[in-house]
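Read through the structure below, which is laid out as structure tokens, and then see the notes.
What follows draws every value from the coordinates through simple rules; no lab data is involved. Everything numeric here is computed off the predicted structure, so don't read it as measured data. Heads up, the Cβs are rebuilt from the backbone with ideal geometry, glycines too, and the neighbour counts pull from every protein chain shown.
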């Protein structure tokens with residue numbers, strides 16, 4: 001039964017991940033004044049890439065990168081409960097808590113660094129370095145906000161954190177913590193102005209430069225699922241989770257649209273600037289938020 | 001360096017664009033209006049073409065061949081030849097139409113031709129009265 | 001600014017804002033130095049080269065502009081086509097370096113003192129410098145590329161008219177003879 | 001500690017490069033320690049081709065020297081031939097030429113805006129401005145029959161009469177663009193994130209810049225109001241009112257602000273042209289012996305201000321139907337070599353595209 005539940009969670013994450021990716025392409029196209037591709041496009045891209053052959057090879061270490069990333073994303077999805085009540089769609093959340101999830105969020109980028117490093121492509125390595133540098137700055141405000149939430153709920157367990165918000169969600173109870181987490185969340189989502197990792201005008205596609213075929217598909221799928229996991233995490237921590245699937249979709253969608261829109265109207269910071277910005281503003285917000293608890 | 005809050009928030013006004021209808025055309029279904037005088041494919045009015053090869057002389061890309069036609073549509077065509085254009089070389093400068101004495105050679109708005117063999121791009125201008 | 005030039009050099013007025021001046025290869029550096037110090041023509045904006053093959057000379061044109069960008073002065077210097085070296089202006093004008101590099105590649109003119117005379121736009125070019133008049137583009141193209149197939153039926157229009165006239169003549173003659 | 005220097009090629013296949021050129025970068029971490037420009041990926045030998053073509057045949061080539069803004073080339077070619085042959089152009093034709101040049105300048109600035117915003121990952125601006133440029137191209141299509149390569153400004157005048165109602169449509173487009181420019185201000189020029197990226201990057205400064213032969217926004221961005229339309233007027237620019245915007249900082253942002261103001265000036269010039277254009281008059285002065293037209297054995301130099309700086313043509317005739325020598329000098333040759341190479345040293349990799357776009361480097365005119 002648990003296995004079926006986990007499978008369902010992965011399917012939902014995969015489906016909604018790509019659906020949101022398609023919506024992202026559509027919504028940003030609307031901001032551009034274009035129509036944008038159909039929603040099926042991102043699914044068919046993924047499936048097409050899965051049946052294609054790779055055009056480059058750099059040994060098994062290179063292929064391990066996307067695999068580790070994908071396992072990080074899968075575990076993330078499984079450890080975050082989709083709903084705040086009931087038996088279904090809870091995944092492994094009873095076996096782990098917020099701290100495990102925060103730990104798993106770093107697993108992917110680290111694994112990727114191993115793989116990309118063996119390709120020897122300078123742009124890939126630069127992208128990874130940028131990603132890791134930015135990650136350090138992203139984690140700081142996000143951890144501050146997470147710590148605040150944990151202190152407030154008195155537990156690191158998702159169920160208890162969500163239950164604590166049954167009267168008032170953390171977003172309104174602790175707006176500063178939410179702001180800190182949200183800015184950092186934009187960075188985690190790879191949205192402007194923090195999209196330094198795969199900046200095409202600077203480092204081609206960054207870590208993804210040398211990947212092709214199935215492994216590119218794996219990278220795309222894991223990034224779609226990981227995005228959904230991050231949306232879930234934000235909804236659970238600050239918006240009190242969701243009672244049923246409909247509410248979950250509504251809440252994640254609102255959050256996702258906000259991130260998309262913000263990403264499409266700001267210019268990209270350079271790596272140093274984004275680190276500086278993240279360390280200054282959201283971290284400061286987080287610290288003040290913690291002090292106000 | 002001073003960054004005002006206004007400059008940080010003003011870019012969000014761009015989002016009002018989502019309430020407007022997209023400006024691009026859905027190409028195969030909707031096509032943009034053709035413009036008269038567009039420099040597209042060649043047309044040649046064979047009833048007036050005199051086969052003088054002025055177009056061939058002026059073409060700097062040597063894109064124009066004069067080829068024989070079976071039946072003369074025009075008694076004034078002294079050479080019995082009409083131009084055929086290599087669209088691999090043509091640059092659509094329309095000098096050939098400028099120097100055409102009877103104004104039989106023209107460019108029309110039609111301008112789309114896709115083919116998988118480059119050697120097929122030898123274009124016989126359509127016989128259209130202008 | 002003009003008075004100095006009028007006084008010291010034989011100035012050619014091309015237009016109210018464009019002047020020219022002939023100098024020899026030996027005078028060039030000195031003249032440039034004098035002009036840049038005594039007049040406001042202190043910027044090199046273009047370095048041109050014209051191949052007068054029938055007169056066996058290259059004509060180099062050093063286009064100077066003043067700081068106001070309102071007037072242009074061209075220093076023209078003829079050099080023999082076979083004795084092809086010039087003093088470099090790289091020390092006087094930083095931008096001359098790349099202009100000389102281009103002329104070196106395109107005309108084969110050497111510039112003494114310019115360290116950057118390596119490949120500019122061409123790569124591994126062993127033929128004669130391509131902008132010289134004796135380099136025949138058409139011959140090069142015919143040697144290296146093919147015409148598109150299917151164009152063999154091209155007819156010479158003058159020949160066709162002759163043929164037609166002859167045919168018409170004989171056609172006229174035949175009925176009259178019969 | 002010894003740090004490893006890696007060499008990468010930024011281009012010719014790179015989203016952050018302005019066309020088909022490449023910059024060889026020595027990187028220490030992400031900091032550039034040496035930059036070398038390489039061209040030659042696009043050499044078409046136009047100057048050589050022109051030497052074996054008659055003058056009207058050569059006319060169709062020159063527009064291809066600069067893709068974003070072909071018309072200054074056509075104007076230069078026509079002006080040089082006219083000056084050598086002593087041909088006068090009618091007032092109406094001159095007004096039409098000014099109109100075409102300013103429309104092209106506006107289009108080129110919008111295209112630049114797409115490149116500049118793209119180089120900092122602000123794709124929305126690019127999508128908008130390419131659409132707005134397309135509206136200008138639509139007008140060009142009606143006027144000249146071509147969208148990008150117009151082949152319109154011809155020695156002796158212009159090639160076609162204005163279509164019916166063209167000036168009204170242009171006027172309406174200017175009204176639209178004027179409104180759009182405010183939207184661009186909010187989204188792009190005043191955008192705090194763009195300011196953060198552009199201020200203090202790629203600084204060009206000092207009296208020395210005049211001597212080094214820079215032109216266009218590079219000069220105007222560091223306080224020198226140099227514009228050939230005013231300094232060395234051609235066509236009818238001495239009869240039109242316009243300002244030369246300048247900035248003093250000399251960085252990428254200053255050059256962007258100069259361009260922003262120039263777009264408004266172009267609109268102002270176009271409005272004057274619409275108001276002042278004579279309704280009647282010849283548009284074309286027939287060339288004597290049209291197809292066998294000859295130039296005297298003389299040479300000349302003409303220069304116009306393009307959207308990116310000084311475009312100069314040296315032209316020498318030799319008494320035959322061919323041009324003996326036509327040498328093109330675009331602003332990019334100096335900007336891409338003697339300015340860009342030292343400017344990039346010490347910058348971060350992420351600023352390469354930013355700086356290159358702001359200098360307006362366009363390879364086709366380097367390797368005509």
Among D:237, D:253, D:176, the residue with the largest mean-square fluctuation in a Gaussian network model of chain D built from Cα contacts under 10 Å is D:176
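Per DSSP helix of 4 or more residues, -39500 (n - 2.57); summed, then divided by the residues of chain C. What does that give at 222 nm, rounded to the nearest 500? Provide the component values of the computation, followed by the final result.
On the way: 5 runs with 59 residues, N = 178.
Calculated from helices alone, the mean residue ellipticity at 222 nm is -10000 deg cm²/dmol.
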Run the simple label-point estimate for residue C:138 and residue D:264 please: 7 Å along Cα→C-beta, distance reported in nm. 5.6 nm
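What value does segment C:87-156 have for Rg/Rh, both radii from Cα atoms and Rh as Kirkwood defines it? Provide the component values of the computation, followed by the final result.
Details: Rg = 17.9 Å, Rh = 14.6 Å.
Over the Cα atoms of segment C:87-156, Rg/Rh equals 1.23.
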Diffusion coefficient in µm²/s returned for segment A:1-113 by Stokes-Einstein, Kirkwood Rh over C-alpha pairs, 37 °C and 0.692 mPa s, is 201 µm²/s
Spatial separation of Cα centroids for segment D:131-202 and segment D:247-294, in angstrom: 12 Å
Kirkwood-based shape ratio for segment C:1-105, expressed as Rg/Rh from alpha carbons: 0.95
Principal axis lengths of segment D:106-150 from Cα atoms, whole Å, largest first? 35, 14, 12
Span per principal axis, largest first, for the Cα atoms of segment B:33-123 (Å): 36, 29, 24
Note the angle between two axes, namely the Cα long axis of helix C:157-177 and the longest principal axis of the Cα atoms of chain C, as a number of degrees from 0 to 90, rounded to the nearest 10. 20 degrees
Debye log10 I(q)/I(0) for segment B:85-130, one point scatterer per Cα, at q = 0.24, 0.27, 0.30 Å⁻¹: -1.03, -1.21, -1.35
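On average, how many beta carbons from a partner chain sit within 10 Å of the beta carbon of a residue in A:25-38?
5
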State the dimensionless ratio Rg/Rh of segment D:29-137 (Rg: radius of gyration of Cα atoms; Rh: Kirkwood radius). 1.09
Between helix D:166-184 and chain D, what is the angle of the helix's C-alpha long axis to the longest principal axis, kept within 0 to 90° and rounded to the nearest 10? 10 degrees
What is the log10 of I(q)/I(0) for segment A:2-292, computed with the Debye formula using one identical point scatterer on each Cα and no solvent, at q = 0.07, 0.16, 0.17 Å⁻¹? -0.25, -1.39, -1.55
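Could you work out the relative contact order of chain C, using alpha carbon pairs under 8 angstrom and six or more residues apart, expressed as a whole percent? Don't skip to the answer; put the middle values down first.
On the way: 224 pairs, mean separation 25.8, N = 178.
Relative contact order here is 14 percent.
Based on the alpha-carbon set only, what is the convex hull volume of the protein assembly as shown divided per residue, in Å³? Present the calculation step by step, with values, prior to reporting the outcome.
Working: hull volume 204.1 nm³, N = 969.
Cα convex hull per residue, to the nearest whole number: 211 Å³.
For B:43, B:112, C:12, which order do you get if you count the other beta carbons within 10 Å of each Cβ and list the fewest first?
On the way: B:43 18, B:112 7, C:12 13.
Least to most surrounded, the residues fall as B:112, C:12, B:43.
Exposure proxy check: D:128, C:52, B:92, A:60 ranked by fewest other beta carbons within 10 Å? Don't skip to the end; give the middle numbers.
Values: D:128 25, C:52 17, B:92 21, A:60 10.
With the fewest neighbours first, D:128, C:52, B:92, A:60 line up as A:60, C:52, B:92, D:128.
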The Cα radius of gyration of segment A:30-69, divided by 2.2 N^0.38 Å with N its residue count, comes to 1.74
Going from the alpha-carbon gyration tensor of segment D:215-309, what semi-axes, largest first and in whole Å, does one get by taking the root of 5 times each eigenvalue? 32, 20, 10
Rounded to whole Å and ordered largest first, report the semi-axes of the equivalent ellipsoid of segment C:2-177 derived from its Cα gyration tensor (root of 5λ). 51, 23, 14
Average beta carbon contacts from partner chains per residue of B:60-67, 10 Å cutoff: 5
Under the rule a/c < 1.5 gives rounded, and otherwise a/b versus b/c splits prolate from oblate, where does segment D:265-360 land using the Cα gyration tensor? oblate
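Over segment A:106-215, what is the relative contact order in whole percent, taking alpha-carbon pairs under 8 Å and six or more residues apart?
Details: 102 pairs, mean separation 42.0, N = 110.
Computed value for segment A:106-215: 38 percent relative contact order.
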Just to be sure I understand: with springs between alpha-carbon atoms less than 10 Å apart, which residue in A:214, A:251, A:48 has the highest mean-square fluctuation in the Gaussian network model of chain A? A:48
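Just want the ordering: B:108, C:115, D:161, from fewest to most Cβ atoms lying within 10 Å of their own Cβ.
On the way: B:108 18, C:115 10, D:161 13.
Fewest to most other Cβ atoms nearby, the residues stand as C:115, D:161, B:108.
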Just from its helices, what would the mean residue ellipticity at 222 nm be for chain A, if runs of 4 or more DSSP H residues each count -39500 (n - 2.57) and the sum is divided by every residue, rounded to the nearest 500 deg cm²/dmol? -24500 deg cm²/dmol
Principal axis dimensions, segment D:46-330 - Cα atoms, whole angstrom, descending: 60, 46, 31
With Cα atoms, 0 to 90° folded angle of helix D:123-144 axis to chain D main axis: 10 degrees
CD proxy at 222 nm, helix term only [per DSSP H run n ≥ 4: -39500 (n - 2.57); per residue of chain B; nearest 500]: -2000 deg cm²/dmol
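How high is the relative contact order of chain D, given as a whole-number percent (alpha carbon pairs under 8 Å, six or more residues apart)? Spell out each step's value before the answer.
Working: 673 pairs, mean separation 100.7, N = 368.
The normalised contact order for chain D reaches 27 percent.
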Within a Gaussian network of chain B (alpha carbon springs, distance under 10 Å), most fluctuating of B:12, B:105, B:46: B:12
